[in-house]
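Reviewing the structure listed below.
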Amino acid sequence: MRSRSTRGWLIGGGGLVIVAVLAIIFVLGARGGNEKGTRAIANNGGTSHTLTPRYSAPPGEGHTSAQQLADNAKIAEANQANGAEWIQVEALKLPPPTVSANFPAILNTLRQGSDTYATAFVNELLDINFAKDTRSALLSWAQSELAPDSMPGTPSLASTRVLYGDLVGEPSPIPTASTWSMNAKHRVVWSVSDVSESVNPEWSSALATGWQPSDPLMVALDVTGTLTISQASHQAVSKPFSLELGLASAEYHHGYGAMSVDNWTEG
């Protein structure tokens, strides 16, 4: 199931055409990396445990100009026009937000910058030993890293389901259950290197109009890197990958969290 669509409209005093993506790139108008085996994570003592919400996005300041309010109203109207898609997102059954020995929490010290968090998140998301890791554990970890979508018009129930919808939809960096099982059977291992981030230019253009998100940590990043695929008795193959990563204030941690993963490509 695709959890979002794209659309465009005019917004801002300059009449800038913007493209809105249900998950993150509501643009009004996104390059460091760890090698495999060096995940920047917090040690949880080898046990798994489910997290509970602890944080909320800090309130934005000075976002009440007439133009800001008008832009917010247009975004909300476009968002609410996708009621059928939001119903699908709201119906998603979420996994518990759980960290474990194989998928621990990212260190809080790396949550204070969008670049360091994005690098840590992507490394852990794609650093997979399919025979030892499970898809359900990875999805539960991803849910523990979520940041709610606070864009105008986003239904409250759907706001914490956007990331999960991206990861179980298509295209997604996480393989389907059947592909995961096949990779495990053949002892496939993924490792990540050369991760880099830059601010998505459309997001920069959106902010340049004077519009500001209510969550000051919200940002859209373009992320690139190299995915190396290893398998016993086979030569390792390395492929470039790219994705769009939406960040905002984390639900279960202090600092950045992941709001959306979009436009995944590899090879």
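Starting from the Cα gyration tensor of the stretch 142-265, take the square roots of the eigenvalues, sort them a ≥ b ≥ c, and report rounded, prolate or oblate (rounded when a/c is under 1.5, otherwise prolate if a/b is larger than b/c, else oblate).
Because a/c hits 1.5 or more and a/b exceeds b/c, the stretch 142-265 counts as prolate.
Accessible area per residue, 1.4 Å probe, Å², for the stretch 68-145: what's the number?
Here the residues of the stretch 68-145 average 38 Å² of exposed surface.
Roughly how many whole Å is it from the C-alpha centroid of the stretch 73-152 to that of the stretch 160-220?
About 8 Å separates the Cα centre of the stretch 73-152 from the one of the stretch 160-220.
Pop out the carbon and sulfur fraction of the accessible area of the stretch 84-243 as a percent, whole number, probe 1.4 Å. Walk me through the intermediate numbers first.
Working: 3540 of 6300 Å².
Carbon and sulfur together cover 56 percent of it.
Would you work out if the stretch 189-234 is rounded, prolate or oblate? Take a ≥ b ≥ c from the square roots of the eigenvalues of the alpha-carbon gyration tensor; rounded if a/c is under 1.5, else prolate when a/b is larger than b/c, oblate otherwise.
Prolate, since a/c reaches 1.5 and a/b exceeds b/c.
Pulled fully out, how much extra length does the chain show between S242 and K132, if you take 0.36 nm times their separation in residues and subtract their Cα-Cα distance?
37.1 nm
For the pair Q231/Q112, report the inter-label distance in nm, with labels modelled 7 Å from Cα in the Cβ direction.
4.4
I'd like the FRET efficiency for S178 and L157, computed as 1/(1 + (r/R0)^6) with the beta carbon distance as r and R0 of 30 Å, rounded to 0.05.
0.55
For the stretch 62-173, rounded, prolate or oblate, judged on the Cα gyration tensor with a ≥ b ≥ c (square roots of eigenvalues), a/c < 1.5 rounded, else prolate if a/b > b/c?
oblate
The values are calculated or read from the model by the stated rules, or taken from the named source; none is laboratory data. Everything numeric here is computed off the predicted structure, so don't read it as measured data. Every residue, glycine as well, gets a Cβ built from its backbone with ideal geometry; the counts of neighbours run over all protein chains shown. Please note that ligands, DNA and RNA were not included when accessible areas were found on the heavy atoms of the full protein model with its side chains. Shrake-Rupley method; radii C 1.70, N 1.55, O 1.52, S 1.80 Å.
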